[in-house]
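The values are calculated or read from the model by the stated rules, or taken from the named source; none is laboratory data. Every value quoted in this text rests on a predicted model; they were computed, and no experiment measured them. In this analysis, Cβ positions are derived from the backbone assuming ideal geometry, glycine residues included, and neighbour counts consider all displayed protein chains. Ligands, DNA and RNA are stripped out before the accessible areas are found, and what is left, the full protein with its side chains, is counted by its heavy atoms. Shrake-Rupley method; radii C 1.70, N 1.55, O 1.52, S 1.80 Å.
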Amino acid sequence: MLEALPRGQWLAASRAHEQRISGFTTPFLNRRHEGRQHPVEDFLFTYYTLSPAQFTRWHPGFGTILLDAPERADWKFYRPATPAELRVTGAPEGVSGVVLDRETFVAKRETAIRFTRELLSNTVAKTGTFDCFGLHEWAMAYKAQENGVRHDYVGLRLGAEGTNQVVESHRIRCSHFDAFRFFQPQAVERNELKPSRESQRGMEQPGCLHANMDLYKWAYKLLPAVDSDLLADCFELAWDVRRTDMEASPYELSGWGYEPVRVETPAGKAEYVRRQRDFATRSDGLRHRLLAVTERLLPEASSAESAESQPPPHPTDHPEAVEGVSP
């Protein structure tokens, strides 16, 4: 079902979005201009590939016509709305509008849409597991004497030897490939699971902090079909997850204003699981909203059909799956 937004409404929505996310983007841009780094907050702008400018650009999402929007007529994946589409929405006679070009978008991004739907559908169907205690970050800092420290301007809270002892005295059960691939070589065999790019769609589960942080990635890979409210909601979840991820890490961040979640202790483990469950609850609604977008884009194909098909390549292997959405 199409809906139309008059110019005044969509301009107000665009300004509100810019204001909402400027509290995140402006400090990052200022730091970058000044040559400074932040061990926690920079991550969402350096690891993930959506630029602050692309994040700032507001999109209404699939199914919304922007009335009286000639400046958006040549934006990537937009097209002029047809007279029939305008009539369906009850738009005033003589007004023009632009809308997402579903056919062109699907032709360019179908691999990414199908991958995203399969991954999220599989994750939604799982029960979360809550026994990893964030030890993936410790495995990334294991044997720092030989490997160095990933955040070389931040020290280790327990020192190198204390960090090694935590890794060696715990079970490591990381299910997320994009966390596992950063394990130090000596920690790889300590992981009880063996996540891979090929097994990613079957292994991710809703208790995983990195799987929940990545909802932001799946949202921006489907821009501009995903609306900017959903994108910002996924970003804010990722922002909160990142904070916990680093507070539970081996790094000494008290000087940056972060209190550690001491996962090497029973109390710290309990606090980590409490937050983990909260993130899993928040992520569930976001996954369903993202899935709804994929179903609207590909209504003729079911998730079951996608799961039974030959696994397509990971979307980051395809330029069309990650290219920017700027005009």
* **Qualifying residue in region 141-152 (condition: closer than 17 Å to Val167 by Cβ, surrounded by fewer than 21 Cβ atoms within 10 Å (Cβ to Cβ) and either modelled with pLDDT of 95 or more or among the hydrophobic types (A, V, I, L, M, F, W, C) (or both))** => yes
* Structure fact -> Here the qualifying pairs (Cβ atoms under 9 Å; residues six or more apart or on different chains; first in region 260-276 and more than 15 Å from Arg242 (Cα to Cα) and at pLDDT 95 or above; second among the hydrophobic types (A, V, I, L, M, F, W, C) and open to solvent by 50 Å² or more (accessible area, probe 1.4 Å)) come out as Glu264/Leu158
* Count of region 72-94 residues which are surrounded by 14 or more Cβ atoms within 10 Å (Cβ to Cβ) and outside any loop (DSSP other than H, G, I, E, B) -> 8
* Structure fact -> Picking from Arg7, Arg57, Arg102, the residue that is modelled with pLDDT of 95 or more, closer than 30 Å to Pro299 by Cα and touching a strand residue (DSSP E or B) at 6+ places or on another chain (Cβ under 7 Å) would be Arg7
* Among the candidates Phe183, Phe177, residue that is open to solvent by 10 Å² or more (accessible area, probe 1.4 Å) and touching a Cys at 6+ places or on another chain (Cβ under 9 Å) -> Phe183
* **Residues of region 222-242 classified as open to solvent by 10 Å² or more (accessible area, probe 1.4 Å), under 30 Å from Ala73 (Cα atoms), in contact (Cβ under 8 Å) with a residue 60 or more places away in the chain and not in a loop (DSSP other than H, G, I, E, B), total** => 1
* Asked: Does any residue of region 243-259 turn out to be in contact with a Gly (Cβ under 8 Å, 6 or more places away or on another chain) and under 30 Å from Arg72 (Cβ atoms)?
  -> no
* Output the residue which, of all residues in region 19-54 that are acidic (Asp, Glu) and assigned to a loop (DSSP other than H, G, I, E, B), is farthest from Glu259 (Cα to Cα). => Asp42
* Among the residues of region 10-55, count how many are open to solvent by 50 Å² or more (accessible area, probe 1.4 Å) and either under 19 Å from Asp227 (Cβ atoms) or aromatic (Phe, Trp, Tyr) (or both). => 8
* If we scan region 118-126, do we find a residue that is open to solvent by 50 Å² or more (accessible area, probe 1.4 Å) and not hydrophobic (A, V, I, L, M, F, W, C)? -> yes
* Mind checking which residues of region 190-211 are in a helix (DSSP H, G or I) and under 28 Å from Glu168 (Cβ atoms)? -> Gln200, Met203, Leu209, His210, Ala211
